[in-house]
Amino acid sequence: MRCYKAYQEHHLHKMLYEYGIRSIYLKGTNDHIMMAFEHKSARGSLSFHVPLHPDKYRIQGLKVSCLYRFLGSKDKDKWPFFIRICNKTKGVTWIYNPLVYRIPKVDEDSMWISYWPIGNILDIGDKVKVSTHAEKGIMVSKCGASLVYMGDGEVEREENLENTTMKMKEVIGGDLSEFEVSRGVYYLCRRDFFKSTTPSKIKRWFGDTGKSP
């Protein structure tokens, strides 16, 4: 059964807010949370088509989760850890590397849950691919995704996080041209792992991000 209501955070203590994306991190496996996601995969990627939904509801955004484990690394503070969301139908891709994230103990599970307010760029029938990427030292074992809907008459809550100081161009749904590394591909990160080689690295790590043939 699909969830036709606004995204809410439950039993969470801290939340990261960047580019309009909200992220939280939980310790442990949390299988009951993963099972609640409409689309699930026993690996670090999944694909789905945006389904039909009642006319009185509209898509508000996409909620994504991934279960990861730290295997041990000397450079644990320099992990490039990404979530990539690609609307293959429209040829638009967002690649997000958070400024901070939970570093678990060796062989301990953690869950990253994020909410992406991209409802205005998701239409019925669009093919969407969600994938993760991590360097050596971290393993992603599961991921999940669910569309989030809002019904007529519901009022969106204004999140008083960074909204008062964040420029609209730094928020998904606004002007992200400053972060476009190749046509339709946006690299959202406040740290530059790649420096001047960002476009070629993005292409090598994530492959074709254009429209489906």
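Computed from the coordinates by the stated procedures, all read-outs in this text should not be read as laboratory data. Just so it is clear, the model here is predicted, and its values are computed rather than measured. Reconstructed Cβ throughout: ideal geometry from the backbone, glycine too, with neighbour counts over all protein chains shown.
Here are the numbers for the structure shown:
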| item | result |
| --- | --- |
| Cut-off 10 Å between beta-carbons: net charge of the residues surrounding L46, Lys and Arg +1, Asp and Glu -1 | +4 |
| Simple spin-label estimate for H32 and V106 in nanometres, 7 Å along Cα-Cβ | 3.2 |
| Burial order of peptide ranges 119-130, 138-149 (average beta-carbon count within 10 Å, highest first) | 138-149, 119-130 |
| Theoretical gain in end-to-end length, Y57 to L71 [0.36 nm per residue, Cα-Cα removed] | 0.8 nm |
| Listed pairs K40/K90; K63/K136; K105/K127 exceeding 32 Å between Cα atoms | K105/K127 |
